[in-house]
Amino acid sequence: MGRKDNLESIGDVLKNVVRKYSLEKGLEDARVKELWAEFLGEEIRVHTQWMRIKDDVLYARMAHSTVRHEVFNRRAALKEFINASLGQERIREIRLV
């Protein structure tokens, strides 16, 4: 048995670590924040004060009412974009607080 028989790819090792330490949700949450900025743009991202996901509901607070209004009007499309990008129904609802 050669040394190559025992080698795993780095990707496989990382997947095993993520699974072993139950990091999937945290990584998905970070990806949702990236997708938020990708969909809405940098201008809205900088006016997002905070964001969290609880029970598949994405909560976000905006710094300005005009930005909040724009996000409010685009939240259905944003939810579809995030879920399609993740390949699963991760976000059930978006609430602006």
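Which values, in whole Å and largest first, are the semi-axes of the equivalent ellipsoid of the range 29-96 obtained as the square root of 5 times each eigenvalue of the Cα gyration tensor?
Computed over the range 29-96, the values are 18, 12, 11 Å.
Treating only the Cβ atoms of Lys and Arg (+1) and Asp and Glu (-1) as charged, compute the dipole magnitude of the chain about its Cα centre; round to the nearest 20 debye. Intermediate values should be presented prior to the final figure.
Working: 19 positive and 16 negative charges, 54 e Å.
That gives a dipole near 260 debye.
For the chain, what does -39500 (n - 2.57) per DSSP helix run (n ≥ 4), summed and divided by total residues, give at 222 nm, in deg cm²/dmol to the nearest 500?
Numbers: 4 runs with 55 residues, N = 97.
Rounded to the nearest 500, the figure is -18000 deg cm²/dmol.
Nearest 5 percent is fine: what portion of the DSSP beta bridges confined to the chain is antiparallel? Walk me through the intermediate numbers first.
Numbers: 6 of 10 bridges.
About 60 percent, rounded to the nearest 5.
Once phi is turned into θ = phi - 60°, what whole-Hz ³J(HN,Hα) does the Karplus curve with 6.51, -1.76 and 1.60 give for every residue of the range 21-26, x standing for Gly and Pro?
For the range 21-26, the Karplus curve yields 9, 6, 9, 4, 4, x Hz.
When you count, for each residue, the other Cβ atoms within 10 Å and take the mean per peptide, how do 38-50, 11-23 rank with the highest first? List each step's numbers first, then the result.
Numbers: 38-50: 14.2, 11-23: 10.5.
Going by the mean number of other Cβ atoms within 10 Å, highest first, we get 38-50, 11-23.
Work out, step by step, the length gained on full extension between residue 50 and residue 30: first 0.36 nm times the residue separation, then minus their alpha carbon distance; give nm to one decimal.
Working: separation 20, 0.36 × 20 = 7.20 nm, distance 1.26 nm.
5.9 nm is the gain from fully extending residue 50 to residue 30.
Since every read-out is calculated from the coordinates, none of them should be taken as a lab result. Bear in mind that the values here come from a model prediction, so they are computed numbers and not experimental data. In this analysis, Cβ positions are derived from the backbone assuming ideal geometry, glycine residues included, and neighbour counts consider all displayed protein chains.
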